[in-house]
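One structure is given here, and the rest of the page talks about it.
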Amino acid sequence: MLNLVLFGPPGAGKGTQSEKIIEKYHLVHLSTGDLLRSQIQAGTELGLKAKTLMDQGILVPDEVVIGMIDSKLSENEKAAGFIFDGFPRTVKQAEALDRLLASYNESITVMVALIVPDEELKKRLLTRGLTSGRPDDQNEEKIKTRIHEYNSKTTPVADYYRQQNKFVSVEGVGEIEEIFEAICGAVKQGA
Ligand SMILES: Nc1ncnc2c1ncn2[C@@H]1O[C@H](COP(=O)(O)OP(=O)(O)O)[C@@H](O)[C@H]1O
Ligand SMILES: [Mg+2]
């Protein structure tokens, strides 16, 4: 299996690059943001709870996202591998993911981090907000909260994979196709 963690702040291009990676490597895409947004859409209890936090740009509790990933892994036992997009976002989630994968005799192959400066992120997210309909893309205050959540809770996840020698970083500014090629190179290096 190829199990890839695609890492980076909100607006780094994880969703954009995931689509291309999936096509090439035939992986199952697990975006916790997308999974939560479909829970909100479906009006589930989980969705209602998550919405209040997500609309403010705050991370939802670890147990909630870990539970969602757990059930998606068990639904896809025959997959060629997984791409984790927007997960793990805390060290606790990263540890839980290692345990879950170990229970299938699997592990993370590589983490690829997309590096994009804050100013570029803000610009991209505000532009995405014009069409995404995402309440968390709508104003600079929410975007600031999300980048702050990322810097305080999520950045340590990179060190977690660095300690396992699984961390590779890629310049996330430039042509989408060029960035994709760099990610493929990182996957080759890590696999
Ligand atoms: N290399 C890039 N250059 C310019 N804009 C990009 C690039 N990659 C993605 N974007 C744009 O930035 C925004 C955020 O991308 P997205 O893939 O949704 O990020 P994430 O999933 O990491 O939050 C989108 O509007 C997308 O079109
Ligand atoms: Mg995304």
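We did not get these values from a lab; they are worked out from the coordinates using the rules stated. Every value quoted in this text rests on a predicted model; they were computed, and no experiment measured them. Here the Cβ positions follow ideal geometry from the backbone for every residue, glycine too, while neighbour counts run over all protein chains shown.
For the reader, a short list of remarks on this structure follows.
- The calculated FRET efficiency for the pair residue 42 and residue 132, based on their C-beta separation and a Förster distance of 30 Å, comes to about 0.95.
- Across all directions, the average projected area of the convex hull around the alpha carbons of the stretch 2-184 is 9.9 nm².
- Per the Kirkwood formula applied to alpha carbons, the stretch 25-96 shows a radius of gyration over Rh ratio, Rg over Rh, of 0.97.
- Among the listed pairs 24/122; 14/153; 122/188, those beyond 27 Å (Cα-Cα): 24/122; 122/188
- Partners for residue 142 among aspartates and glutamates (Cα-Cα distance below 14 Å; same-chain residues under 8 apart left out): 55, 118
- Applying a DSSP loop filter and a limit of 16 other Cβ atoms within 10 Å to the chymotrypsin sites (Phe, Trp or Tyr not before Pro) in the stretch 55-107 leaves 104.
- Cα centroid separation - the stretch 97-146 against the stretch 158-191, whole Å: 15 Å
- Each stretch of four or more DSSP H residues adds -39500 (n - 2.57); spread over every residue of the chain, this sum gives -18000 deg cm²/dmol at 222 nm.
- Candidates 58, 115, 176, ranked by Gaussian network fluctuation over the chain, Cα under 10 Å, top entry: 176
- Among residues other than residue 177 with Cβ under 14 Å from its Cβ, the summed charge is -4 (Lys and Arg +1, Asp and Glu -1).
- Loop sites in the stretch 76-109: GluC sites (Glu not before Pro), DSSP, at most 12 other Cβ within 10 Å: 77
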